[in-house]
């Protein structure tokens with residue numbers, strides 16, 4: 001199996017569906033003429049011949065993950081966008097696909113003018129099915145896709161990103177016996193979009209107890225294993241803002257917040273469908289197969305939190321009263 005996967009020390013056939021062609025189950029003492037797998041006689045090692053579907057469809061997801069860090073003064077000190085184009089292909093035969101994006105380099109190299117915003121992608125990586133020479137020549141993404149689900153490409157953008165979901169926290173300690181939090185969340189994107197499954201993690205002292213919550217929307221839960229409370233909002237519309245108030249007891253004699261709680265940032269999780277923060281767009285997705293069948297392409301955009309979406313917002317301690325909601 002390893003010998004079939006490697007050619008001159010390089011991985012050649014890695015798709016599980018293709019590798020299955022090299023596994024034979026036959027009765028002992030029975031001689032048969034073993035024919036080479038179809039992938040050996042065809043240049044496309046990642047796709048088998050003879051694939052047939054009654055309904056030919058392609059699903060394409062453009063998913064962008066946002067990482068950013070906001071300091072205590074409210075300034076974004078680090079941000080990046082990590083993008084991925086994922087596909088599910090249910091196509092018969094050996095189709096040829098061509099994908100067009102609003103790629104800034106492509107427009108500049110061809111002298112064409114972009115109708116809308118053009119983006120400049122960095123660290124672009126492709127699935128092995130993409131013809132790299134064609135992309136390097138004229139930025140055309142041309143390929144014969146594997147069957148089923150796969151990641152076509154990934155990219156990165158280091159452009160400055162405005163926080164899509166802004167969170168502010170005000171903290172007030174009361175004589176070392178209790179601590180109160182006032183948290184405000186605001187959706188800083190257009191009203192036509194909605195963030196789903198928003199989760200806001202606010203750090204609290206390790207020894208905090210007796211939690212009490214009140215929120216203008218969503219639900220709040222104490223997560224002692226994370227030394228935080230979590231404010232969950234199922235849907236957060238663009239331009240909307242809400243308030244939440246939390247109360248904790250502090251049983252410790254010193255009654256002050258731990259250094260870890262003071263230094264830990266607020267983290268946010270979210271997903272915004274039908275929206276891309278970079279402005280990337282699929283200009284076209286062409287599908288050509290020698291039999292001439294018609295295929296249905298479906299395109300979806302999603303923006304979500306990355307591995308590190310953190311806000312070290314200014315936290316006032318005991319300087320001003322927390323207003324009621």
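Structure values in brief
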quantity	calculated
Percent of C-alpha pairs per 5 Å bin, segment 165-268, short to long	2, 13, 24, 24, 16, 10, 6, 3, 1, 0, 0
Label-point separation in nm, residue 308 to residue 240, each point 7 Å along Cα→Cβ	3.1
Taking 77, 144 and counting other C-beta atoms within 10 Å, the order from fewest to most	77, 144
Segment 224-248 versus segment 273-293: alpha-carbon centroid distance in Å	36
Footprinting exposure proxy for 149, 168 (fewest neighbouring C-beta atoms within 10 Å first)	149, 168
Chain lengthening between residue 76 and residue 197 when straightened (0.36 nm per residue, less Cα-Cα)	41.2 nm
Added length on full extension, which subtracts the Cα-Cα distance from 0.36 nm per residue, residue 54 to residue 263	69.5 nm
Gained length - residue 188 relative to residue 136, 0.36 nm times residue gap less alpha-carbon distance	15.0 nm
Neighbour-count order for 296, 285, 97, fewest beta carbons within 10 angstrom listed first	296, 285, 97
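Just so you know, all these numbers are worked out from the coordinates, no wet-lab data involved. All of these numbers come straight from a predicted model, not from anything done at the bench. We place every Cβ from the backbone using ideal geometry, glycine too, and count neighbours over all the protein chains shown.
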